[in-house]
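Undergrad: Dropping a structure here in structure tokens format, bear with me for questions.
Bear in mind that the values in this text are calculations on the coordinates, not laboratory data. In this text, all values refer to a predicted model and were calculated from it rather than measured experimentally. Here the Cβ is made from the backbone with ideal geometry for all residues, glycine too, and neighbour counts use every protein chain on show.
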Amino acid sequence: MITDKLLQILPEKVRTRIEPYAEALELMSEVRDPKVAASLGPSSVRGLLLQRGKQGVPTKIPARHEAYFDWTYPSDHAEMLELYRRAKQNQWDGDTWLDWSTHVDPENPEVAIIPDNFLNFEKLEGYMGVRMTPRERAKVRSDVCAWQLSQFLHGEQGALFAAAQVTEAVQFFDGKLYGATQVVDEARHVEVFHRYLDTKLQKLYQINDNLFVIIDALMSDSRWDMKFLGMQIMVEGLALGAFGTLYRLTEEPLLKELLKNVIRDEARHVHYGVLALREHFQNHISERERREREDWSFEVALLMRNRFLAYEIYEERFEGLITRAQWRDVVSTSPGLEEFRHVMFSRLVPNLREIGLLSDRIKPHYDRVGLSKYFGGRSADQISAEDMISELDQKRAETPAGLRAANA
Ligand SMILES: [Fe+2]
Ligand SMILES: [Fe+2]
């Protein structure tokens with residue numbers, strides 16, 4: 001980091017205050033495409049520098065988009081209609097489908113909420129110069145889980161509003177009907193994640209600044225397809241990666257069941273995103289506009305890859321004991337996070353290919369950052385929710401020596 005040398009000479013108290021801002025500036029300078037930088041710039045200022053997501057209630061984000069009415073009620077997209085039908089049949093009730101009487105003790109090592117080596121404790125202890133007791137480790141694990149679930153919850157609130165906006169703005173009538181089911185799905189996700197955090201973990205972390213930037217950018221963009229690309233493909237892709245990883249790794253039965261049901265809904269959401277955007281990008285936008293979206297998704301994918309670093313936990317527990325750079329190192333080398341990135345990109349990249357945002361022009365960029373291995377994967381319209389769940393179950397059964405082994 002170019003600012004590292006400058007920061008090192010400052011007194012520790014001042015440095016701790018300045019570092020987050022230096023990182024924010026560094027992050028924005030990583031976006032090389034000037035158009036992408038311009039479109040994300042205002043949201044980055046609000047999210048990273050002003051930390052609008054952490055300034056109390058309410059956070060108001062202006063939304064500008066046109067509602068698209070059609071008084072002829074056309075049947076205009078058979079596959080979307082089929083998704084609408086399936087979504088209606090597969091509704092579930094968070095009150096009765098999940099066993100809320102389950103006793104959850106997030107610090108119980110016998111029923112690990114996440115595996116011990118989800119976080120790189122060896123490195124963390126090395127930097128601190130002391131070994132942690134099993135109880136201290138269990139507390140940190142519980143916090144990491146609460147942090148993740150809190151970010152899921154905040155993302156679900158964003159998804160709820162984005163789904164409502166897209167339902168208004170999309171031009172496919174069958175897509176509007178389908179979109180209404182997604183609004184209900186996202187409300188249910190907000191409900192169950194919040195209930196789990198509130199009643200089982202009794203903890204809620206504030207929204208991560210980088211997640212805020214993405215949500216802010218999508219809410220305020222007037223183009224429905226950008227909201228869609230951002231929410232249905234990028235954020236939902238990220239969410240599926242995270243839900244899938246946690247589903248596979250947790251031993252806690254209520255959380256596992258909750259995630260399984262949410263994953264089924266999310267698979268449908270990403271499928272819809274692929275259908276709508278493929279059609280739109282092929283037939284309704286210019287090559288210049290397509291290229292702009294292609295660059296945007298590459299840059300956002302990169303930003304998402306390394307930026308969810310749980311600084312909220314650092315600030316709560318480790319500030320003063322280790323530096324932010326050391327924490328960054330701990331988190332980015334943690335096996336749980338590595339797996340999460342892998343699952344996320346294996347879902348995301350094939351979807352980008354399928355909607356026409358992975359042309360030969362951009363492929364070398366993905367290759368350069370090590371993501372070309374995902375080019376040939378299956379996209380959301382080729383994989384059912386049940387396939388996705390059984391793939392995760394199979395992986396879980398096949399990898400006793402993997403992350404889960406540390407629990408034994
Ligand atoms: Fe959701
Ligand atoms: Fe969703």
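Undergrad: Compute the acute angle (0 to 90°) between the alpha-carbon long axis of helix 287-306 and the principal axis of greatest extent of the alpha-carbon atoms of the chain; round to the nearest 10°.
TA: Taking Cα atoms only, the helix is inclined about 20 degrees.
Undergrad: Which of LYS54/LYS139; LYS60/LYS203; LYS200/LYS256; LYS60/LYS176; LYS123/LYS203; LYS260/LYS395 have a Cα-Cα distance over 18 Å?
TA: Values: LYS54/LYS139 24 Å; LYS60/LYS203 24 Å; LYS200/LYS256 13 Å; LYS60/LYS176 25 Å; LYS123/LYS203 26 Å; LYS260/LYS395 15 Å.
With Cα atoms farther than 18 Å apart: LYS54/LYS139; LYS60/LYS203; LYS60/LYS176; LYS123/LYS203.
Undergrad: Hey, another quick one. Can you tell me what the convex hull of the Cα atoms of region 353-396 projects to on average, as an area in nm²?
TA: Values: hull surface 15.4 nm².
In nm², the orientation-averaged hull projection of region 353-396 is 3.8.
Undergrad: Let me ask something additional. Looking at the square roots a ≥ b ≥ c of the eigenvalues of the Cα gyration tensor of region 31-407, which shape do they give, rounded for a/c under 1.5, prolate if a/b is larger than b/c, or oblate? Please list the in-between numbers first.
TA: On the way: a/c = 1.63, a/b = 1.39, b/c = 1.17.
Prolate.
Undergrad: Go through GLN89, GLN151, THR181 and say which Cα lies farthest out towards the positive end of the charge dipole of the chain; charges sit on Cβ, +1 for Lys and Arg, -1 for Asp and Glu.
TA: GLN151
Undergrad: On to the next question. May I ask you to compute the full-extension gain from ARG290 to GLU338, defined as 0.36 nm times their residue separation minus their alpha-carbon distance, rounded to one decimal in nm? Kindly include the intermediate steps, with their values, before the conclusion.
TA: Details: separation 48, 0.36 × 48 = 17.28 nm, distance 3.06 nm.
Between ARG290 and GLU338, full extension yields an extra 14.2 nm.
Undergrad: Another question, then. For region 190-233, what is the Kirkwood hydrodynamic radius in Å, using each pair of distinct C-alpha atoms?
TA: 12.2
Undergrad: Neighbour counts of other C-beta atoms within 10 Å: give me HIS269, HIS342, HIS103, HIS154 arranged from fewest to most. Before the final figure, lay out each step's value.
TA: Details: HIS269 27, HIS342 14, HIS103 8, HIS154 21.
Placing the least packed residue first, the sequence is HIS103, HIS342, HIS154, HIS269.
Undergrad: With no solvent and one point per C-alpha, what does the Debye sum give as log10 I(q)/I(0) for region 145-212 at q = 0.15, 0.22, 0.24, 0.29 Å⁻¹?
TA: Results for region 145-212 at q = 0.15, 0.22, 0.24, 0.29 Å⁻¹ read -0.52, -0.85, -0.93, -1.15.
Undergrad: Residues of region 201-242 with backbone nitrogen within less than 20 Å of a virtual label 7 Å along the Cα-to-Cβ line of TRP100, please, listed as ranges.
TA: Of the residues in region 201-242, 201-205 have backbone N under 20 Å from the label point off TRP100.
Undergrad: Right, another one. What longest range of the chain stays clear of loop-exposed trypsin sites (Lys or Arg not before Pro) (DSSP non-H/G/I/E/B, at most 12 other C-beta within 10 angstrom)?
TA: On the way: sites that count: ARG32, LYS60, ARG64, ARG131, ARG361.
The answer is 132-360.
Undergrad: Please get the size of the charge dipole for the chain, origin at its Cα centre, with Cβ charges of +1 on Lys and Arg and -1 on Asp and Glu, quoted in debye to the nearest 20.
TA: On the way: 53 positive and 63 negative charges, 173 e Å.
The dipole magnitude comes to about 840 debye.
Undergrad: Quote the relative contact order of region 31-407 in percent (integer), defining contacts as alpha-carbon pairs under 8 Å separated by 6+ residues.
TA: Working: 461 pairs, mean separation 96.3, N = 377.
Reported as a whole number, the value is 26 percent.
Undergrad: What GluC sites (Glu not before Pro) in region 27-94 are in a loop by DSSP, with at most 15 other Cβ atoms within 10 Å of the Cβ? Provide the component values of the computation, followed by the final result.
TA: Numbers: sites: GLU30, GLU66, GLU79, GLU82; in loops: GLU66.
Here the sparse-neighbourhood loop sites are GLU66.
Undergrad: Residue by residue through region 334-344, which ³J(HN,Hα) values in whole Hz follow from phi under the Karplus form 6.51 cos²θ - 1.76 cosθ + 1.60 (θ = phi - 60°), with glycine and proline marked x?
TA: Once θ is set to phi - 60°, the couplings for region 334-344 become 7, x, x, 5, 4, 5, 4, 5, 4, 5, 4 Hz.
Undergrad: Per-residue HN-Hα couplings for region 358-371, Karplus 6.51 cos²θ - 1.76 cosθ + 1.60 at θ = phi - 60°, whole Hz, x for Gly and Pro?
TA: Result, ordered by residue: 9, 7, 4, 5, 9, 3, x, 5, 5, 4, 4, 9, x, 10 Hz.
Undergrad: Sorted from fewest to most neighbouring beta carbons within 10 Å, what does the list PHE375, PHE212 look like?
TA: Working: PHE375 14, PHE212 24.
In order of increasing Cβ crowding within 10 Å: PHE375, PHE212.
Undergrad: Which of GLU136, GLU312, GLU168 moves the most in a Gaussian network model of the chain with Cα springs under 10 Å?
TA: Greatest mean-square fluctuation among the candidates belongs to GLU136.
Undergrad: Now, a different point. Would you mind getting me the FRET efficiency between ASP198 and LYS60? Use the beta-carbon distance for r and R0 = 22 Å, nearest 0.05. Before the final figure, lay out each step's value.
TA: Details: r = 24 Å, r/R0 = 1.11.
My answer for the efficiency is 0.35.
Undergrad: With springs only between Cα atoms under 10 Å apart, run a GNM on the chain and tell me which of LEU321, LEU255, LEU246 wobbles the most.
TA: LEU321
Undergrad: Okay, moving on. Ranked by Cβ crowding within 10 angstrom, fewest neighbours first, how are VAL184, VAL270 ordered?
TA: Details: VAL184 15, VAL270 24.
Fewest-to-most Cβ neighbours within 10 Å comes out as VAL184, VAL270.
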